[in-house]
Amino acid sequence: MRLERFEFPGSTQWALVCGQRPSSPVLLLVQAGPGIPMIHEARAHGHALGLEEHFRVVYWDQRGTGKSFDRHAPGAVTVADLVADVGTMIRGLSERLGVAKIDVVGFSLGASLALLAAAADPAHFRSLVCVGPDVNLLESERFAYSFAIEEARRHGHKRALRALRSIGAPPHDDTKRFMTRVRWVANFRGIHRGKGFAALVRTNLGRLWASPHYSFRERIGALRGMSVTQERVLPSLRGFDLLSQDLRMQVPVAFFQGRHDVAAPPHLTTALAERLGATLTWFDESAHMPHEEEPRLFREQLLRFIRPEAPTARLSPCIS
């Protein structure tokens, strides 16, 4: 494994490369967000999915997250900035790791950014898997808000109802309202069927704190980056709608969708997959995180779609 530093326009960004063979194909993971890092997920994903047997897996801390957080960075971050970053990382990895094309897996917002990057410049994409992508954010927010209100009423949860009514109907394009909605959607099991909001936060923070790839100062920066980067990104997401765009895909695309996903409504993913003529794989026991809720099936379906070469000589993965 090794950490790689990349100089982007206006931003230094970091990625961790893990694999068992120096000749394996490259698989880039583009994290959900905004504000959530990825490098700290390497050990957990390595154990659960074992993708390092087949790939050099790249865990990337995007602009404003984890090791890539810069408290001196200028204010707003636009969707165009984030999409351009995906393209820059793809080209940088292609050159640095000596491969012509790269397989990409994107999660939630990361899936949407990767899809836009692949549509704009497909030259270095070999395949793209979009896991619970954000398709139409306003409709997704309305879906999630309605779900949370209905579940709070059904459970007679007065505190949840007060909190949700206090933020009003979407859009929720500031951190306080955004996180209030996310908290209750998660608590009613619309993000992960087995974990509520507090458990998801504990898991994320535990992995961050246990990761050997961050200094103490970088851990503190990563925590700060979660809220700061949300504030910088959320306003630019207003009006985000992939269905309104004329997307032309020249690379194989698959959508992985949890049946019980509330953050990324299944009907929107279905509409986008049909529009693009993409493969759609369902995870019947999952909400928004099938890679953690059904890891064996996720690995099986991912390898079936990408079809890497069989592993041979072993080197050092990231799961020690």
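Taking Val105, is it in a strand (DSSP E or B), closer than 18 Å to His124 by Cβ and not acidic (Asp, Glu)?
So Val105 passes the test.
Could you tell me whether Thr269 is modelled with pLDDT of 95 or more, out of contact with any helix residue (DSSP H, G or I) (no Cβ under 6 Å at 6 or more places or on another chain) and of a type in the set (Val, Ile, Thr)?
Criteria met by Thr269.
For the range 164-201, how many residues meet the condition of being free of Cβ contacts under 8 Å to residues at least 12 places away in the same chain and touching a strand residue (DSSP E or B) at 6+ places or on another chain (Cβ under 9 Å)?
Final tally of qualifying residues: 1.
It is to be established whether one or more residues within the range 173-187 are outside any helix (DSSP H, G or I), more than 19 Å from the chain's Cα centre (by Cα) and surrounded by fewer than 17 Cβ atoms within 10 Å (Cβ to Cβ).
yes
Whether any residue in the range 97-118 is out of contact with any strand residue (DSSP E or B) (no Cβ under 6 Å at 6 or more places or on another chain) and among the basic types (Lys, Arg) is what I want to check.
There is no residue in the range 97-118 that is out of contact with any strand residue (DSSP E or B) (no Cβ under 6 Å at 6 or more places or on another chain) and among the basic types (Lys, Arg).
How about the range 1-27: which of its residues are modelled with pLDDT of 90 or more and touching an Asp or Glu at 6+ places or on another chain (Cβ under 9 Å)?
Listed by number, the residues that qualify are Thr12, Gln13, Trp14, Ala15, Leu16, Val17, Cys18, Gly19, Ser24, Pro25, Val26, Leu27.
Quick one: what pairs do we get from the range 75-98, first residue over 17 Å from Asp61 (Cβ atoms), second of a type in the set (Ser, Thr, Tyr) and in a helix (DSSP H, G or I), C-beta under 7 Å, 6+ apart or different chains?
Ala76/Ser236; Thr78/Ser236; Val79/Ser236
Looking only at the range 1-41, which residues are under 20 Å from Ala73 (Cα atoms) and part of a strand (DSSP E or B)?
Arg5, Phe6, Glu7, Phe8, Ser11, Thr12, Gln13, Trp14, Ala15
Closer than 18 Å to Pro295 by Cα and touching a His at 6+ places or on another chain (Cβ under 8 Å): which single residue out of Leu16, Leu28, Leu49 fits that description?
Leu49
Suppose the filter is among the hydrophobic types (A, V, I, L, M, F, W, C), out of contact with any helix residue (DSSP H, G or I) (no Cβ under 9 Å at 6 or more places or on another chain) and either more than 22 Å from Glu285 (Cβ to Cβ) or surrounded by fewer than 17 Cβ atoms within 10 Å (Cβ to Cβ) (or both); does Phe240 pass it?
no
Condition check ((1) among the acidic types (Asp, Glu); (2) in contact with a Leu (Cβ under 6 Å, 6 or more places away or on another chain)) across all residues:
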{"residue": "Val26", "(1), (2)": "no, yes"}
{"residue": "Gly50", "(1), (2)": "no, no"}
{"residue": "Val57", "(1), (2)": "no, yes"}
{"residue": "Gln62", "(1), (2)": "no, no"}
{"residue": "Phe69", "(1), (2)": "no, no"}
{"residue": "Ala76", "(1), (2)": "no, no"}
{"residue": "Asp81", "(1), (2)": "yes, no"}
{"residue": "Val86", "(1), (2)": "no, yes"}
{"residue": "Arg91", "(1), (2)": "no, no"}
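Among the residues of the range 222-263, which ones are under 20 Å from Leu116 (Cα atoms) and assigned to a strand (DSSP E or B)?
Asp241, Val253, Ala254, Phe255, Phe256, Gln257 - these are the residues of the range 222-263 that are under 20 Å from Leu116 (Cα atoms) and assigned to a strand (DSSP E or B).
Among (1) within 18 Å of Gln62 (Cβ to Cβ); (2) touching a Gly at 6+ places or on another chain (Cβ under 7 Å); (3) modelled with pLDDT of 95 or more; (4) not β-branched (Val, Ile, Thr), which single condition is Gln257 missing?
Single failed check for Gln257: (1).
When you go through Ser94, Ser24 one by one, which is the residue that is in contact with a strand residue (DSSP E or B) (Cβ under 8 Å, 6 or more places away or on another chain), among the hydroxyl-bearing types (Ser, Thr, Tyr) and more than 28 Å from Val233 (Cα to Cα)?
Just one listed residue meets the conditions, Ser24.
Scan (1) assigned to a helix (DSSP H, G or I); (2) more than 26 Å from Thr175 (Cβ to Cβ) for the single condition Thr269 breaks and write down its number.
Against the list (1) assigned to a helix (DSSP H, G or I); (2) more than 26 Å from Thr175 (Cβ to Cβ), Thr269 comes up short only on (2).
Yes or no, residue by residue, for (1) closer than 15 Å to Ile39 by Cβ; (2) surrounded by 13 or more Cβ atoms within 10 Å (Cβ to Cβ):
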position: Ala199; (1), (2): no, yes
position: Arg202; (1), (2): no, no
position: Arg207; (1), (2): yes, yes
position: Ser215; (1), (2): yes, no
position: Leu223; (1), (2): yes, yes
position: Leu234; (1), (2): no, yes
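Scan (1) within 16 Å of Ile306 (Cα to Cα); (2) in a helix (DSSP H, G or I) for the single condition Ser127 breaks and write down its number.
All conditions are met except number (2).
The values are calculated or read from the model by the stated rules, or taken from the named source; none is laboratory data. Since the model is a prediction, treat every value here as computed from it, not as a measurement. For neighbour counting, all protein chains shown are included, and Cβ atoms are generated from backbone atoms with ideal geometry for every residue, glycine included.
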